[in-house]
Amino acid sequence: MLEEVEVLSTEAIDMIGNWMQGAKLQIAHHKTEVLLVSNCKAVQREEITAGVHAIASKRVLKYLVVMIDDRLHFNSHVEYACEKASKVINAIARIMPNNAGQSNSKRRLLVSVSSSILRYGGPAWVAARGTKQYQRKLSSTFRLMAMRVMKMGDPELF
């Protein structure tokens with residue numbers, strides 16, 4: 001079965017490459033990535049050939065800033081989005097003065113930027129929220145955002 005996938009995908013890449021050559025275009029084979037989606041218990045790996053490059057399948061692939069894993073659970077996207085949002089929250093909070101006189105528009109900026117990062121691609125990865133581990137991860141990131149917005153110096157209040 002996997003051998004058939006390898007042969008068919010290699011043939012498809014060759015056909016697309018030939019068509020693109022006729023249109024005076026080129027495929028960047030070195031940028032090509034492969035994700036083998038499967039529901040088998042054992043992790044399946046395959047290697048296809050694109051031009052002169054051999055491309056091994058990956059467990060996680062980034063496409064339009066959404067992390068797609070080989071089981072389509074999107075758990076890796078939740079981790080990626082939470083980590084990225086936390087970095088942005090901390091970066092924006094560092095450039096804001098730490099006082100109660102902060103304007104609402106600046107606080108709204110912090111919330112809108114970080115929540116946009118967390119919500120991006122939500123319809124695709126909403127099922128990942130079903131696990132307690134990822135609910136905690138998202139809650140932790142939202143808690144960090146709330147602490148920064150409220151400018152509470154004492155984290156024990158939360």
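The values are calculated or read from the model by the stated rules, or taken from the named source; none is laboratory data. The structure presented is a predicted model; accordingly, all values stated were derived computationally and were not measured. Glycine gets a Cβ as well: all are built from the backbone with ideal geometry, and neighbour counts include every protein chain shown. We work out accessible area using only protein heavy atoms, side chains counted, and drop any ligands, DNA or RNA first. Shrake-Rupley method; radii C 1.70, N 1.55, O 1.52, S 1.80 Å.
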Quiz item: Taking the condition open to solvent by less than 50 Å² (accessible area, probe 1.4 Å) and either in a loop (DSSP other than H, G, I, E, B) or β-branched (Val, Ile, Thr) (or both), does Val78 pass?
Solution: yes
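So is Ser57 more than 24 Å from Thr131 (Cα to Cα) and either more than 8 Å from the chain's Cα centre (by Cα) or basic (Lys, Arg) (or both) or not?
yes
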Quiz item: From the set of residues in region 1-56 that are at pLDDT 85 or above, among the aliphatic types (A, V, I, L, M) and not in a helix (DSSP H, G or I), which is most open to solvent (accessible area, probe 1.4 Å)?
Solution: Leu25
Practice problem: Could you tell me whether Leu64 is among the aliphatic types (A, V, I, L, M), exposed (fewer than 14 other Cβ atoms within 10 Å of the Cβ) and at pLDDT 80 or above? | Solution: yes
Quiz item: If the Cβ limit is 7 Å and pairs must be 6+ apart or interchain, which residue in region 125-147 that is touching a residue at least 40 places away in the same chain (Cβ under 8 Å) pairs with which residue that is acidic (Asp, Glu)?
Solution: Lys137/Glu79
Exercise. Give me the pairs, please: first residue somewhere in region 18-43 and more than 30 Å from Arg71 (Cβ to Cβ) and among the polar types (S, T, N, Q), second residue anywhere and in a loop (DSSP other than H, G, I, E, B) and at pLDDT 80 or above, beta-carbon distance under 7 Å, and either six or more positions apart or on two chains.
Key: none
Practice problem: Kindly indicate whether any position in region 69-84 is free of Cβ contacts under 8 Å to residues at least 40 places away in the same chain and of a type in the set (Val, Ile, Thr). | Solution: no
Quiz item: When you go through Ala128, Ala146, Ala124 one by one, which is the residue that is closer than 23 Å to His77 by Cα and at pLDDT 80 or above?
Solution: Ala146
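Within region 128-141, which residues are surrounded by 13 or more Cβ atoms within 10 Å (Cβ to Cβ) and within 24 Å of Tyr63 (Cβ to Cβ)?
Selection gives Ala128, Arg129, Thr131, Tyr134, Lys137, Leu138, Thr141.
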Exercise. Report whether or not Glu83 is at pLDDT 85 or above, open to solvent by 90 Å² or more (accessible area, probe 1.4 Å) and over 30 Å from Gln21 (Cβ atoms).
Key: yes
